[in-house]
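The values are calculated or read from the model by the stated rules, or taken from the named source; none is laboratory data. The shown structure was predicted, so the numbers you read here are calculated from the model rather than taken from an experiment. Counting neighbours? That spans all protein chains shown, and the Cβs are built from the backbone with ideal geometry, glycine included. Surface accessibility is based on the protein's heavy atoms, side chains included, excluding ligands, DNA and RNA. Shrake-Rupley method; radii C 1.70, N 1.55, O 1.52, S 1.80 Å.
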Amino acid sequence: MKKAYKILAVIALLSSSCFAQYEQSAMYKCYLSQNKQLWRQYVTTADWKQMNNQERQRLLNYEYGYIAYGISIKDKDIKQMLQRFNEHIELMEGKMPESTRLTYLSAAASYYISISKITILSNGPKTFSYSEKAVKTDPDDPYALTLRGSIYFYCPSAFGGDKKLALDYLQKAEDRFRQTGDTIDNWNYRSVQMVIAQCYEKTGNKEKAIEKCRQILRDEPEFSYIRDCYLPELLGIKPHDDNNPQNMGASFVSSFGN
């Protein structure tokens, strides 16, 4: 009996050790430092069937985050990841906030465009319609507001893009994250702040973009993309890091712009 207890204790210890590497603070630090491998490991090895509802919602958010990056680096498994993401979204109908689920459906449609431009006629309208439904379903959902703003930011004006409108949605998203207190170890919050800075720059207000970057770095000095690449670029200094801006430090919705 004692031996059985010891075996169970070892299994429990190993399980908790494996889970610890994916805990929120660890994943957030990876986001700040541009280390994508832990995210990839999580989304490719997580066992959906063994997860409870809360864990599944968490996994969806990291799938949403990693897949756009995976597309940009041509991850060899990206099609399978996107297929799983889409399946997971469908399985969560009625089991999570509908506005957020619709947001993920919108993102998935945009990701399909990134993988194959010939799908833009079918997936382009889906990207916009799911996002519009998400915001109408819950006008205060920061995730829905973030994606809506990102779509307007990255989409060319000929296809409905509007950077000033994008800024409005993104600022509302940032405010909602703060109002709900959902800012600690939250990569989504830092991502929306990043795109706000980009919006300032692209709408001709570089000084506000610089100010926004400095504000972010006061809170998160380890945000390497802003510290080593984007802010130096705004200041006219050669960046320490030439990573593509469509990385984990930036927004994850860029299908129309690529």
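Annotations for the structure displayed:
- Under the condition of being of a type in the set (K, R) and part of a loop (DSSP other than H, G, I, E, B), the residues counted in segment 34-84 number 3.
- Within segment 69-93, the set of residues being open to solvent by 20 Å² or more (accessible area, probe 1.4 Å), of a type outside the set (S, T, Y) and under 16 Å from the mean Cα position of the chain (by Cα) comprises I71, I73, N86.
- Exactly one residue among F159, F128, F177 is within 27 Å of N52 (Cβ to Cβ) and not β-branched (V, I, T), and that residue is F177.
- Segment 223-258: number of residues that are assigned to a loop (DSSP other than H, G, I, E, B), on the phi < 0 side of the Ramachandran plot and either surrounded by 14 or more Cβ atoms within 10 Å (Cβ to Cβ) or modelled with pLDDT under 95 (or both): 20
- Any hit, segment 37-46, residues being open to solvent by less than 20 Å² (accessible area, probe 1.4 Å), at pLDDT 95 or above and within 12 Å of Y111 (Cα to Cα): no
- Residue, surrounded by the most Cβ atoms within 10 Å (Cβ to Cβ), within segment 193-214, restricted to residues that are among the acidic types (D, E) and farther than 18 Å from C155 by Cα: E211
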